[in-house]
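Notes for the one structure printed next.
The values are calculated or read from the model by the stated rules, or taken from the named source; none is laboratory data. Since we're looking at a predicted model, the values are computed, not measured. Virtual Cβ from ideal backbone geometry, glycine too; neighbours counted across all protein chains shown.
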Amino acid sequence: MAKYRIAWLPGDGVGKDVLDAARIVLDALKLDAEYVHGDIGWEFWCREGNPLPERTIEMLKTTDCALFGAITSKPQKEAEEELAPELKGKGLQYRSPIVRLRQLFDLYINLRPAKAYKGNPLNIKEGIDLVIFRENTEDLYFGVEFHPVPEEMRKIPGMERVPADAAVSLKVITPKGAERIIRAAFEYAKKKGRKKVTCVHKANVVRLSDGLFLDTAKRIAEEYPDIEFDHANVDAMCMWLVKNPERYDVLVAPNLYGDIISDLASQLVGGLGFASAANIGDNYAVFEPVHGSAPKYAGQYKVNPIATILAVKLMLEYLREEEKAEKLERAVAEVIEEGKVKTYDMGGENTTLEVAEEIAKKVS
Ligand code: IPM
Ligand code: MN
């Protein structure tokens, strides 16, 4: 029996292309693992009315962690039009499978590094090495929304100002949710010898929920006197990240701000072709490139596999295969620095798989 059982979730669009690339480097690293394919993605929405079938969830429960490619999603009206005829008109709602996975497995940490690898022509500056800890289960992603607003709700003091025909989405921050992501950020900083943790919020306006997040960060920071702590409003943070990204180290943020600043941060170091993410809970984890399914490039093996290969690196760290993780990151860094084999986004003409093979050569 293999040491690890890893769920293999290509999804659709370029998700399949980049997972093929991931497999090349995993095989070169000789990870002692079996890979179990899971049905997930747009085709299962169209055919079964569910992009994340129950059988896939059951399969995931038998694995150590999952590697996820990408999935197409469309606005509700368009999604309905593509349903199989027998599924139409049943009121089926499309829900993002990755958001569902985060909720189902309580994957409360979304760890997103943004590092300027030497020699990447797309870096806006050298010396950027950020790690974003995005809370991954709460905030506006909590999933409680109303439209219209129920009459009962409008009886709550203050709610009479909300018209009945409004759409309302609840931003939920719990003490437990705030504490566990902030603690994870500090623990990571401590373990990796990082110097500073910055809390991102908008507590000057969203006083109660972001206030709770910020107060929790201030309290936990006191337990880590060796790590510098500061905080900033999310709007200012975006400006500072463009202006002086090299001054930041570990960032911790509620879900939506983390979503936004992580896309911004990725563009400082080459864009979504370099952005990897680890969704981690206490019992399970899902690793993914941050980019979407880019349907127009599907099957063309054109997109940059580095985001996914760096997600593999995060997976190896999670599995405590530190040596392999380091080896893989060194290989990625070398291939970037040499600049010989590269995809179109970096000004090259190589395919997804050629880049993966070049990296694989260096680790085998
Ligand atoms: C991400 C994505 C997802 C999110 C989408 C696809 C639901 O943007 O992983 O950052 O909003 O979290
Ligand atoms: Mn996003």
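Name the single residue, out of those in the stretch 242-263 being in contact with a Leu (Cβ under 6 Å, 6 or more places away or on another chain) and assigned to a helix (DSSP H, G or I), that is nearest to ligand 1 (Cβ to nearest atom).
Kept after step one, since they are in contact with a Leu (Cβ under 6 Å, 6 or more places away or on another chain), are these residues of the stretch 242-263: 245, 248, 256.
From the residues that got through so far, the ones that are assigned to a helix (DSSP H, G or I) too are 245, 256.
Working: 245: 19, 256: 8 Å.
Among those that are in contact with a Leu (Cβ under 6 Å, 6 or more places away or on another chain) and assigned to a helix (DSSP H, G or I), it is 256.
Determine whether the stretch 174-195 contains at least one residue that is out of contact with any Lys or Arg (no Cβ under 6 Å at 6 or more places or on another chain) and part of a strand (DSSP E or B).
Restricting attention to the stretch 174-195, the residues satisfying the condition of being out of contact with any Lys or Arg (no Cβ under 6 Å at 6 or more places or on another chain) are 174-195.
Adding the requirement that they be part of a strand (DSSP E or B) leaves none.
So far as the stretch 174-195 goes, no, none of its residues is out of contact with any Lys or Arg (no Cβ under 6 Å at 6 or more places or on another chain) and part of a strand (DSSP E or B).
Could you grab me the full set of residues in the stretch 267-322 that are assigned to a helix (DSSP H, G or I), farther than 20 Å from residue 185 by Cα, of a type outside the set (S, T, N, Q) and out of contact with any Gly (no Cβ under 7 Å at 6 or more places or on another chain)?
So the first thing to find is which residues in the stretch 267-322 are assigned to a helix (DSSP H, G or I), and the list is 267-268, 272-274, 295-297, 306-318, 322.
Remaining after also requiring farther than 20 Å from residue 185 by Cα: 267-268, 272-274, 295-297, 306-309, 312.
Adding the requirement that they be of a type outside the set (S, T, N, Q) leaves 268, 272-274, 295-297, 306-307, 309, 312.
Result: 268, 272, 273, 274, 296, 297, 309, 312.
Can you confirm whether residue 166 is in contact with a Cys (Cβ under 7 Å, 6 or more places away or on another chain) and either modelled with pLDDT of 95 or more or assigned to a helix (DSSP H, G or I) (or both)? Walk me through how you get there before you give the answer.
Working: in contact with a Cys (Cβ under 7 Å, 6 or more places away or on another chain): no; either modelled with pLDDT of 95 or more or assigned to a helix (DSSP H, G or I) (or both): yes.
No: the conditions fail for residue 166.
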The stretch 313-352, residues that are of a type in the set (S, T, N, Q) and either outside the structural domain of residue 14 (by TED's automatic domain parsing) or more than 21 Å from the chain's Cα centre (by Cα) (or both): 343, 350, 351
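For residues in the stretch 1-28 being of a type in the set (A, V, I, L, M) and within 16 Å of residue 293 (Cβ to Cβ), which is surrounded by the most Cβ atoms within 10 Å (Cβ to Cβ)? Lay out the reasoning, then the answer.
Of the stretch 1-28, the ones of a type in the set (A, V, I, L, M) are 1-2, 6-7, 9, 14, 18-19, 21-22, 24-26, 28.
Checking the rest, the ones that are also within 16 Å of residue 293 (Cβ to Cβ) come to 9, 14, 18-19, 21-22.
Numbers: 9: 29, 14: 31, 18: 33, 19: 25, 21: 30, 22: 23.
By that ranking, first place goes to 18.
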Looking only at the stretch 235-268, count how many residues are closer than 24 Å to residue 98 by Cα and either within 16 Å of ligand 2 (Cβ to nearest atom) or assigned by TED's automatic domain parsing to the domain that holds residue 332 (or both). 16
